[in-house]
1. Kindly provide log₁₀ I(q)/I(0) values, in the same order as q = 0.14, 0.20, 0.23 Å⁻¹, from the Debye equation applied to equal alpha-carbon scatterers of the stretch 173-280.
2. I'd like to compare 69-79, 200-210: which one has the highest average count of other Cβ atoms within 10 Å, and what's the full order after that?
3. Given just the C-alpha atoms of the chain, how large is their convex hull per residue in cubic angstrom?
4. Shape call for the stretch 6-90 from the C-alpha gyration tensor, a ≥ b ≥ c root eigenvalues: rounded (a/c under 1.5), prolate (a/b greater than b/c) or oblate?
5. Counting Lys and Arg as +1 and Asp and Glu as -1, each charge on the Cβ, what is the dipole of the chain about the Cα centre in debye, to the nearest 20?
6. Fewest to most neighbouring Cβ within 10 Å: what's the order for D356, D323?
7. Could you work out the percent of alpha carbon pairs in the stretch 94-144 separated by over 13 Å, rounded to a whole number?
8. Rg over Rh of the stretch 120-175, using C-alpha atoms and the Kirkwood radius, what does it come to?
Amino acid sequence: MLGSGFIGRFYTDALHGGRSKDRVISVYSRREEQARQFAEDYKVPHYTVSLEEAIAHPAVTVVCIALPNHLHEEAVMLCCKHKKAVICTKPLGRTAAEALVMLKSVEEAGIFHGYLEDLVYTPKFLKAHNSVRAGALGRILWAKSRETHPGPHSDWFWDPAQSGGGCMLDLGCHCVEIARNFIGKDVKPLEVMCWADTQVKPIDAEDHAIGLVKYANGAIGQFEVSWTFRGGLDLRDEVMGTEGTLWLNSFLRTGFEMFTTGKGAEYVAEKAESNTGWQFPVGDELNELGYNHMFADMFRALEEGLQPAETFYDGYVVNAILDAAYRSAKTKLWEPVVFQDWRGSNEETQNSSLVDYDEDHYLVKEELTHFGVKKWIIKHKQTGLISEISE
Ligand SMILES: NC(=O)c1ccc[n+]([C@@H]2O[C@H](COP(=O)([O-])OP(=O)(O)OC[C@H]3O[C@@H](n4cnc5c(N)ncnc54)[C@H](O)[C@@H]3O)[C@@H](O)[C@H]2O)c1
């Protein structure tokens, strides 16, 4: 485990959870006391302040990168050098260029690589995604994902030199990959329109952003991200298709509500802003946030010689989309998503879902009125004339 901070601990809680056979056997941290504390807390037999020593440890089979964004590349290069399987937290790179270097390097080294995008492994997401893939929503038209909270928990996030950006990179990477999964990973993201601003915090990065990602099949992805949201951690997705609609609420208002005057309730849930009054706890946070299913997929793929659902290639695509979003926020124009390496389909289609009413007409809408009359709004195929027929 590289990193002993916030996500390193969440990951280790998940890895060691239940009756898991997986064990962290070496931990790297920048400061020795933190490495030792982590090793003590999780009964990890080896700790070090040397990145390379942790990676090269002979008993280590998989390296998990849980370090600040500017350190991902260095850690990946060391995994390549020592031919260790590597799984890396999000975002893969600070830019697509950085992510591409990591992608090419792991492929050249021939090592297993996984991208730890936990929010496409939540139980709700997995069920929703299966329904979407099975066609329950028809053709996907719009996939929106929102992640907002009152701001991250460590200094380096707020410094774009280390983090690579503000909330758009930090949270937008989740939202972009959620929407991309619903729309179809094979479908090419073409261009991005984005608004981003620094509304509240004294930082040189955006603390609030909204963006639209246009896909080659006509679908639109939307992300809404903020480090200025008050009230906890808001994680929501909405998907609209020609045959259905799907709404997911993964954190706030999930059906678990509790009132307390504050006696005895310390931790409620990640980024909850208060522990008195009405609370929205999260039942099993590790599972609800996807960590368990994510590691299960990673290790199953590794053992079976397959690719996990999320690889460094996906991390690269996400970075390429977000690079375009940053450009668009500056130019205020639709900006193309630039790929040095695109492996999906190059087809640009706007699949039609025209429904015939009869030989000469398309059906626009069928309506049952409140006064009991049924009617059909139709369009003539040749003339384009719109008319209606009542029962
Ligand atoms: N849901 C998620 O997938 C999720 C959630 C939070 C963070 N993350 C990602 O995990 C990574 C780490 O974030 P975090 O929240 O654990 O951060 P953190 O600040 O809590 O922990 C970072 C760890 O790296 C070490 N570190 C910090 N600066 C360092 C430096 N300059 N040199 C060497 N070590 C340093 C710290 O000591 C600590 O062990 C980031 O890439 C972040 O985007 C992912």
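Taken together, the values in this text are just the output of simple stated rules run on the coordinates, not laboratory data. Quick caveat: nothing in here was measured; it's all calculated off a predicted structure. Neighbour counts are summed over all protein chains in view; Cβ atoms, including those assigned to glycine, are modelled from backbone coordinates with ideal geometry.
1. For the stretch 173-280, the Cα-only Debye profile gives -0.73, -1.09, -1.22.
2. Details: 69-79: 20.7, 200-210: 18.5.
Answer by packing, highest mean first, reads 69-79, 200-210.
3. On the way: hull volume 73.5 nm³, N = 391.
Looking at the chain, the number lands at 188 Å³ per residue.
4. Values: a/c = 1.40, a/b = 1.28, b/c = 1.09.
Rounded is the answer for the stretch 6-90, as its axis ratio a/c remains below 1.5.
5. Values: 40 positive and 56 negative charges, 52 e Å.
For the chain, the charge dipole is close to 240 debye.
6. Details: D356 11, D323 22.
In increasing order of surrounding Cβ atoms, one gets D356, D323.
7. Numbers: 916 of 1275 pairs.
The calculated P(r) of the stretch 94-144 puts 72 percent of pairs beyond 13 Å.
8. Result for the stretch 120-175 is an Rg/Rh of 1.14.
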